[in-house]
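Inspection log for the structure reproduced underneath, given as structure tokens.
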Amino acid sequence: MKNIMFVILLTISFLTYGNEYSYIFGWTHLQDSNLKIPRGGTTTGPAVTLDTEPSSSWKLLQDPNLSKFEKDRLAILAMKGKYRAYFDFMETMGFEGNYQPKKPYQSWATEFVEVVDEEKNFISLQHIIVMYFKQEDGSISDPVVMKHWRQDWKYEDSVIDTYAGDETWIKNKIPWGEKKGSWSQSAYQVDDTPRYQSYGKWVHYENYSSWTSKETWRPLPRREFSIRDDYDVLIGYNIQTITPTGWVHEQNNKKVVLNKNQKVLAKEIGIARYERIKEFNWQAGKDYWKKTHIFWRAVRNAWNIKLNNAKHFKLIQEVDEAILFTKLFMMADKYAQGEEEVIKDIQIVVEKHSIKLK
């Protein structure tokens, strides 16, 4: 149950700042005190120790003798590690009369990233969150662990599942001229259901490696879907850049209403900054993943079969008043406790919560 409740905690967590703000990026002309305190919550974690030494992957990336393909793979693998992450999002402009920007959003996490599958042309990275919270009496909580999102990378992919709104994904072929030399990135939710897929190319300079996506459609993010109903999809671009001590995920998004002409409500920018840390106790997360990785591999395989056999695919989040991710997380907990037979029910859950439209 701790794992399930953490999804709620994550959506209300951000690093607490002081009460006084003297600067609001992009909105310095507005006298709006609501913008000065970000939305998100008030939780904080214990101090962490940054690992300021360049990572081994970063050093390998600087080798001028590597091929472009070898550098691409190293850049993806460089995202493996142990991190403090900050997530910042802010609307930058609006297109409605009397538009007023919504509160910026901030949250934080400590998480490690594991390679769960690696082939020559395919790499899968699983994020596992391990967080400790400062409590009112000054003590530090027990660790809260949750399997977080996953990112799969495939070289010269032929087909991607494009989000179309209304929890529906449609298969689209990648033109050969754009496919050559590209990598697709597929992002999956905590329950291994699809979130978005896109493709793009890595670029490498002497001390810089970065990947930029094509325009990408995605569902409302968790930070918004429970409080916003005035738009339907995010449409934007992703940039993932490797740094000496971590990596940064940038977003440039449009918040779009899916009417006849696809009305754009507002634009936002986002930055997820992953900084490597050391001397942190990850054991609870390692133990959880050791006990459940076989279960979650079976979940991944079940969703992959469903997606691969459908041109159009619709996800159903709630069935019989049971939400999909809570159901799978409870099953994973049972599996970790020795109830291995629950793995047989994965296919039943997948079938209940999805529809093959074509």
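The values are calculated or read from the model by the stated rules, or taken from the named source; none is laboratory data. Since we're looking at a predicted model, the values are computed, not measured. For neighbour counting, all protein chains shown are included, and Cβ atoms are generated from backbone atoms with ideal geometry for every residue, glycine included.
Brief remarks follow.
- Enumeration of residues in region 143-168 that are at positive phi and out of contact with any helix residue (DSSP H, G or I) (no Cβ under 7 Å at 6 or more places or on another chain): GLY165, ASP166, GLU167
- Elements of type strands (runs of 3 or more DSSP E) in region 55-142, at least 2 residues being more than 24 Å from GLU275 (Cα to Cα): 81-94
- Taking (1) modelled with pLDDT under 95; (2) more than 20 Å from GLN106 (Cα to Cα) in turn, GLU224 satisfies each apart from (2).
- Strands (runs of 3 or more DSSP E) enclosed by region 155-201 - at least 3 residues per element that are within 20 Å of the chain's Cα centre (by Cα): 159-165, 183-188
- If only residues of region 166-187 that are of a type in the set (A, V, I, L, M, F, W, C) and over 21 Å from TRP202 (Cβ atoms) are counted, the one that is surrounded by the fewest Cβ atoms within 10 Å (Cβ to Cβ) is ILE170.
- SER124 falls short on exactly one of the conditions (1) surrounded by 13 or more Cβ atoms within 10 Å (Cβ to Cβ); (2) modelled with pLDDT under 95; (3) among the small types (Gly, Ala, Ser), and that condition is (2).
- Total residues in region 218-247, condition touching a strand residue (DSSP E or B) at 6+ places or on another chain (Cβ under 6 Å), within 25 Å of PHE95 (Cα to Cα) and of a type in the set (Val, Ile, Thr): 3
- Unmet requirement for GLU70, which otherwise passes all of (1) modelled with pLDDT under 95; (2) out of contact with any strand residue (DSSP E or B) (no Cβ under 6 Å at 6 or more places or on another chain); (3) not β-branched (Val, Ile, Thr): (1)
- Looking across TYR163, TYR205, one residue alone is farther than 14 Å from ASN238 by Cα, of a type outside the set (D, E, K, R) and without any contact (Cβ under 8 Å) to a residue 12 or more places away in the chain. It is TYR205.
- Failed item, numbered, when GLU206 is tested on (1) buried (at least 17 other Cβ atoms within 10 Å of the Cβ); (2) at negative phi; (3) of a type outside the set (Lys, Arg): (1)
- Residue match in region 102-118 (condition: in contact (Cβ under 8 Å) with a residue 40 or more places away in the chain, crowded, with 19+ Cβ neighbours inside 10 Å and among the small types (Gly, Ala, Ser)): yes
- Unique residue being surrounded by 14 or more Cβ atoms within 10 Å (Cβ to Cβ) and touching a residue at least 60 places away in the same chain (Cβ under 8 Å) when the list is ALA272, ALA302, ALA336: ALA272
- Candidates ASN261, ASN281, ASN238, filtered to the one that is at pLDDT below 95 and not aromatic (Phe, Trp, Tyr): ASN261
- Considering region 216-233, and only residues there that are hydroxyl-bearing (Ser, Thr, Tyr) and surrounded by 16 or more Cβ atoms within 10 Å (Cβ to Cβ), the residue that is nearest to the chain's Cα centre (by Cα) turns out to be THR216.
Residues checked against (1) touching a residue at least 60 places away in the same chain (Cβ under 8 Å); (2) among the β-branched types (Val, Ile, Thr); (3) surrounded by fewer than 15 Cβ atoms within 10 Å (Cβ to Cβ); (4) at positive phi:
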| site | (1), (2), (3), (4) |
| --- | --- |
| LYS267 | yes, no, no, no |
| ARG276 | yes, no, no, no |
| LYS291 | no, no, no, no |
| ILE316 | yes, yes, yes, no |
| THR326 | yes, yes, no, no |
| GLU351 | no, no, yes, no |
| LEU357 | yes, no, yes, no |
